[in-house]
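The values are calculated or read from the model by the stated rules, or taken from the named source; none is laboratory data. Since the model is a prediction, treat every value here as computed from it, not as a measurement. Because the Cβ atoms are built from the backbone with ideal geometry, glycine has one as well, and the counts that use them run over all protein chains shown. Side chains are part of the model used for accessible areas, which takes the heavy atoms of the whole protein and leaves out ligands, DNA and RNA. Shrake-Rupley method; radii C 1.70, N 1.55, O 1.52, S 1.80 Å.
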Amino acid sequence: MVILGRQGSGKGTQSLRLAAQYGCVHLSTGDVLRAAVEEGTELGRQAAGIMNAGGLVGDDVMIPLVAERVAKPDIMSGGVLLDGFPRTADQANGLEAMLADLGQELTIAINLDVPVEEVTERMMARGREDDTEEAIARRLSLYEEQTAPLLDWFAERGLLATVDGLGEEDQVFSRLTEAIDGRMA
Ligand code: ADP
């Protein structure tokens, strides 16, 4: 499964709950990168500046990173919820190629839909280190430019389900499971 949505849409919170519900791995590329920064690895040193500026880490780094992770036995047997990947057209094509290599298929791509005004307010309120006003604006405009077009990409493949992300957390979670269960049935 793939979950897409603007930064601040509640993707991270809902993804944790969904992974628990469906017994799959939650793979957040943002979490992977933040852990690398924390540990001071080579990847972390490359990513830190880009992340703080609200930019995107290169596809040449992200695609092999995800390809390597999804080939591991836990994901091969139990599945994965991808959170934060793909974010660009090249990453989407990379995902298609890696799944084909592994003989796996996507079940659903969820668009967790929350309007720009609402996510901006939410992000200003959460105060994460990379949530400066400038970085937020940059991330949101990159989302509209690079990631929003992926909605069409998934729709063309019959995989897209749009879920309203406004409202109580539990209510949003129910909408998500309804969309996924409908797809799995
Ligand atoms: P947000 O949704 O608020 O951007 P994430 O945790 O998904 O938070 O990502 C944090 C940062 O990590 C991004 O702003 C970006 O710099 C980097 N990042 C995460 N996933 C990707 C990706 N698939 N491609 C490129 N950069 C990524």
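Numbers at a glance
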| quantity | calculated |
| --- | --- |
| Residue among Leu4, Leu43, Leu18 that alone is hydrophobic (A, V, I, L, M, F, W, C) and more than 15 Å from the ligand (Cβ to nearest atom) | Leu18 |
| The one condition in (1) within 8 Å of the ligand (Cβ to nearest atom); (2) over 26 Å from Asp152 (Cα atoms); (3) in contact (Cβ under 8 Å) with a residue 12 or more places away in the chain that Val66 fails to fulfil | (2) |
| Test: residue in the stretch 142-163 that is in contact with a Phe, Trp or Tyr (Cβ under 7 Å, 6 or more places away or on another chain), open to solvent by 40 Å² or more (accessible area, probe 1.4 Å) and under 25 Å from Leu56 (Cα atoms) | yes |
| Residue in the stretch 94-108 that is within 11 Å of the ligand (Cβ to nearest atom) and modelled with pLDDT of 95 or more present | yes |
| Failed condition for Asp131, given (1) buried (at least 17 other Cβ atoms within 10 Å of the Cβ); (2) acidic (Asp, Glu); (3) modelled with pLDDT of 95 or more | (3) |
| Hits in the stretch 94-140 - residues which are touching a Leu at 6+ places or on another chain (Cβ under 9 Å) and acidic (Asp, Glu) | Glu96, Glu105, Asp113, Glu118 |
